[in-house]
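J.: Got a structure here, written out as structure tokens. Questions coming.
The values are calculated or read from the model by the stated rules, or taken from the named source; none is laboratory data. None of the values given here were measured: they were computed from a predicted structure. No Cβ is skipped: glycine too gets one built from the backbone with ideal geometry, and neighbour counts run over all protein chains shown.
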């Protein structure tokens with residue numbers, strides 16, 4: 001997965017708030033590797049144009065990338081760290097109908113990151129029709 005970011009250092013600092021350190025890949029790119037083997041590559045526009053000559057600049061999307069956290073408390077803690085560092089909260093932590101604790105924060109470029117705990121079936125509830 002690739003996120004095109006306007007400021008590589010600022011993006012790396014955001015992901016560090018969530019517990020992931022990046023490794024340099026190029027002066028304008030860095031790599032984050034998750035425990036499940038998924039990679040997230042942060043690219044500044046200069047680097048993105050090397051592999052995507054049609055890249056025309058940032059645009060808003062409706063995608064949310066979920067990050068699975070270890071507990072309900074981990075969701076609240078991560079959300080608080082990100083917001084305290086000056087980033088935007090799109091959705092405050094809440095107990096979802098599917099039993100997970102969930103919040104959405106935005107990285108410095110507006111990418112929406114879902115913070116999700118493991119579901120607890122005892123906390124699930126039906127949606128009203």
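J.: Could you tell me whether residue 108 is outside the structural domain of residue 1 (by TED's automatic domain parsing), surrounded by 14 or more Cβ atoms within 10 Å (Cβ to Cβ), assigned to a loop (DSSP other than H, G, I, E, B) and without any contact (Cβ under 8 Å) to a residue 24 or more places away in the chain?
T.: No; evaluated as a whole, the condition is false for this residue.
J.: Which pairs turn up if I take residues in the stretch 14-31 that are under 19 Å from residue 76 (Cβ atoms) and look for partners that are assigned to a helix (DSSP H, G or I) with beta carbon separation below 6 Å, at least 6 apart in sequence or on another chain?
T.: That search, which allows pairs on different chains as well, returns 17/81; 17/82; 18/78.
J.: Now a separate question. Do the conditions hold for residue 126, that is, is it in contact with a helix residue (DSSP H, G or I) (Cβ under 9 Å, 6 or more places away or on another chain), modelled with pLDDT under 95, not assigned by TED's automatic domain parsing to the domain that holds residue 20 and not in a helix (DSSP H, G or I)?
T.: It is false that residue 126 is in contact with a helix residue (DSSP H, G or I) (Cβ under 9 Å, 6 or more places away or on another chain), modelled with pLDDT under 95, not assigned by TED's automatic domain parsing to the domain that holds residue 20 and not in a helix (DSSP H, G or I).
J.: Further question on the same structure: Tell me, which strands (runs of 3 or more DSSP E) lie completely within the stretch 10-104 with 3 or more residues that are surrounded by 13 or more Cβ atoms within 10 Å (Cβ to Cβ) and in contact with a helix residue (DSSP H, G or I) (Cβ under 9 Å, 6 or more places away or on another chain)? Break it down stepwise before answering.
T.: Values: elements: 23-26, 29-33, 39-43, 64-68, 88-95.
Once the strands (runs of 3 or more DSSP E) in the stretch 10-104 are filtered for at least 3 residues that are surrounded by 13 or more Cβ atoms within 10 Å (Cβ to Cβ) and in contact with a helix residue (DSSP H, G or I) (Cβ under 9 Å, 6 or more places away or on another chain), what remains is 29-33, 39-43, 88-95.
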